[in-house]
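Written below as structure tokens is the structure these notes are about.
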Amino acid sequence: MKPLQASSGDLNADRRAEYAEMLHADGAHAAAAELLLGALEMTPQWAMGWFRLGEMQQAAGAPDLAARAWTMSLQLDPSDRQGAALNLQLIGKAPALDALPSAFVETLFDHYADSFDESLVDRLGYRLPEVLDQAIRTARRGRFPLALDLGCGTGLMGQRLRPIVDRLEGYDISARMLRKARTKGVYDVLGKADLRDFVHAGPTADLVTVADVFIYVGALDGVVRTIAGLLAKDGLFAFSVEELASNGDFVLQPSRRYAHAELYVRDVLATNGFSVLSLETTVIRQDRRESVKGLVVVAGKLPAA
């Protein structure tokens, strides 16, 4: 995806930044960084400029300079819409985060909304809604009176759920993604919400789906605990994670997405009163011509003791 098109507010600085982007695209990373640094001398409060400078300096093989630039970006924009803290973590210059900054995720998907379906489905071979839909139908036949699609995006999962759901509600952090979902006409309710502090005032749900969303959340216990509280006693919880092949519970990858270990996923589910009904390893999408493997999970609430 192209960098966020944020202006510095100064025409001359913007022009220099555009030239720097051209040099960067051509592989002249050090020269690009030098040119962008000149633009930042004119507009020192430009958080996105400092972030891009860090990316150029890292590409030029100067991680210490990159860390300084990302630290400046974070100081100028503590909400971290650019994701500077993630880059600092990935180069060992900041402590590990339990989840991506909410402002970063919201900005990312607001920026991506218009091309989301085309890029994900047509170019990257995204097939998770199809696989998750089949897993749900296998786990339980029949219809679901109420389903909550958390992190619904543009409605790709909702389109799969609509034929088996009486009432379908979708929630997402990105207003622009919700606008795209609204045009599909598959949801009864759409609302803007952050998954990590989600509250639902309505009745308990019979099905909760979280498709390709936990890649932005590292520590899952709090979110899974919330979802357990949203579900009826016989409700289903269907979700996916990127699969972690190495040691540990979860890891932030260079893609700035989290991968989770199967054992960790099973432990979190058990701790929060779920039993695993099915768990399938599958290819979620392509990324840089490589297959991204993930776990597709359907869980049910255990009977109360």
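Just so you know, all these numbers are worked out from the coordinates, no wet-lab data involved. Just so we're clear, the structure is a prediction, and the values are computed from it rather than from any experiment. Cβ placement follows ideal geometry from the backbone for every residue including glycine, while neighbour counts extend to all protein chains displayed.
Computed quantities for the displayed model
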quantity	calculated
Gyration tensor verdict on the range 173-305 (Cα atoms; rounded if a/c is under 1.5, prolate if a/b is larger than b/c, oblate otherwise)	oblate
Estimated FRET transfer efficiency (residue 11, residue 287; beta-carbon r; R0 41 Å; 0.05)	0.65
Shape category assigned to the range 54-206 from the gyration tensor of Cα positions, a/c cut at 1.5	prolate
D (Stokes-Einstein, µm²/s), Kirkwood Cα radius, the range 7-137, 1.306 mPa s at 10 °C	97
Gain in span if fully extended, residue 302 to residue 127, counting 0.36 nm per residue against the direct Cα distance	60.1 nm
The range 170-238 shape via C-alpha gyration tensor axes, a/c threshold 1.5	oblate
Whichever lysines have a C-alpha closer than 21 Å to that of residue 184, once near sequence neighbours (fewer than 8 apart) are set aside	192
Rg ratio (alpha-carbon, reference 2.2 N^0.38 Å) - the range 115-195	1.07
With Cα atoms, 0 to 90° folded angle of helix 11-25 axis to the chain main axis	70
Extension gain from residue 64 to residue 30, taking 0.36 nm per residue of separation minus the Cα-Cα distance	10.9 nm
Whole-angstrom gap from the range 69-90 to the range 228-291, using each part's C-alpha centre	27
The chain: calculated mean residue ellipticity at 222 nm from DSSP helix runs of at least 4, using -39500 (n - 2.57)	-12000 deg cm²/dmol
On Cα atoms only, tilt of 102-112 relative to the major axis of the chain in degrees	80
Inverse of mean 1/r across different Cα pairs in the chain, Kirkwood, Å	20.6
Cα-based equivalent ellipsoid, the range 18-75: semi-axes from gyration tensor eigenvalues, Å	16, 13, 8
Translational diffusion of the range 50-99, µm² s⁻¹ [Kirkwood Rh, Cα pairs; Stokes-Einstein; 10 °C; 1.306 mPa s]	152
In Hz, Karplus ³J(HN,Hα) per residue of the range 267-275 (6.51, -1.76, 1.60; θ = phi - 60°; x = Gly, Pro)	5, 5, 4, 4, 4, 9, x, 10, 10
Degrees, to the nearest 10: 175-184 long Cα axis against longest axis of the chain	50
